[in-house]
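Q: Here you go, one structure.
The values are calculated or read from the model by the stated rules, or taken from the named source; none is laboratory data. Please read these numbers as outputs of a predicted model, since none were measured by experiment. Here the Cβ positions follow ideal geometry from the backbone for every residue, glycine too, while neighbour counts run over all protein chains shown.
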């Protein structure tokens, strides 16, 4: 039975309904571009082995070589779609493998820029932790005081753990035992579980924030502006979104005069651990990277630095090597 690209894409997107809304949206965007390029009435069984190669080259023509992130996202959507078609029996595994091989032959390898970590990130956290509470201590606005306590706890969580903003947004009070737990099991990117750890300052700030609240809502970080009319079940409609957390960080960063985003705290955590002796596999586990290759590509320069230290410490000069050779020769001749 012949199946059109359009109907196969619809079936694939329907099969993704258990995925997050963001994941479904990302796949849909990429596949909409693919359908517009190839034609929705094309028959899946008639796809040629150069389909990924030609789609990639079209994306390069449209977006340019500098938009690799967008291009990679679109390609990932189409690869996942083709695997779905293989599972459904529309195409065989040999065609998919040849298509991937032809894509690899023409595709630029993704470039990972070395993260630039601004030392001023610590100033943002210091401001929210130590300076801002003093400034609002005398305010008569209880919501404002709650927002300051919340922001203090949230910035310390980002600084301490290196969590993604989506992961922070999903935190619930029982995950952290209202600030009494020194670690939490979270579900991160790709629905992978990992443990994150909290230091004493972060736990204290979470406890202070939760203790100041008069609600029993489930989310850890919520909005505080007047009496909520429709908080939703267990306060879910009050939960801070990832975008709200991003804006919150940008706002405090602007006050301090530092250019920063939530993800910069993740880079800061990684570079701090590496600079203090952690190895790449340990950083991978703490950050929740699915593959060690990801950690290595982004932070490989730190591993190179360690190799240089070993090289300088244990290498020998020509003179030292010659002295050793002479001693061995003399020892042999005496024997």
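Q: If I filter segment 56-86 down to residues being without any contact (Cβ under 8 Å) to a residue 40 or more places away in the chain and within 16 Å of residue 97 (Cα to Cα), which single residue comes out as nearest to the chain's Cα centre (by Cα)?
A: Of everything passing the filter in segment 56-86, 79 is nearest to the chain's Cα centre (by Cα).
Q: Just give me the residues in segment 294-335 being under 22 Å from residue 271 (Cβ atoms) and either modelled with pLDDT of 75 or more or part of a loop (DSSP other than H, G, I, E, B) (or both), in sequence order.
A: Passing the criteria: only 312.
Q: Moving on to the next point. Just the residues that are surrounded by 14 or more Cβ atoms within 10 Å (Cβ to Cβ) and either assigned by TED's automatic domain parsing to the domain that holds residue 22 or part of a loop (DSSP other than H, G, I, E, B) (or both), please, taken from segment 194-214.
A: Matches in segment 194-214: 198, 213.
Q: Can you tell me which residues in segment 28-66 are assigned to a loop (DSSP other than H, G, I, E, B) and loosely packed, with under 14 Cβ neighbours inside 10 Å?
A: Selection gives 39, 41, 48, 64, 65, 66.
Q: Given the criteria free of Cβ contacts under 8 Å to residues at least 12 places away in the same chain, more than 25 Å from the chain's Cα centre (by Cα) and under 20 Å from residue 98 (Cα atoms), does residue 48 qualify?
A: Answer is yes for this residue.
Q: Scan segment 101-120 residue by residue and report those that are surrounded by 17 or more Cβ atoms within 10 Å (Cβ to Cβ) and at pLDDT 90 or above.
A: Listed by number, the residues that qualify are 102, 103.
Q: Name the single residue that is farthest from the chain's Cα centre (by Cα) among those in segment 227-278 being under 22 Å from residue 196 (Cβ atoms), in a loop (DSSP other than H, G, I, E, B) and touching a residue at least 24 places away in the same chain (Cβ under 8 Å).
A: Among residues in segment 227-278 that are under 22 Å from residue 196 (Cβ atoms), in a loop (DSSP other than H, G, I, E, B) and touching a residue at least 24 places away in the same chain (Cβ under 8 Å), the one farthest from the chain's Cα centre (by Cα) is 240.
Q: Continuing with this model, one more query. What single numbered condition from (1) in a helix (DSSP H, G or I); (2) touching a helix residue (DSSP H, G or I) at 6+ places or on another chain (Cβ under 9 Å); (3) at pLDDT below 95; (4) over 20 Å from residue 271 (Cα atoms) fails to hold for residue 150?
A: The number of the failed condition is (3).
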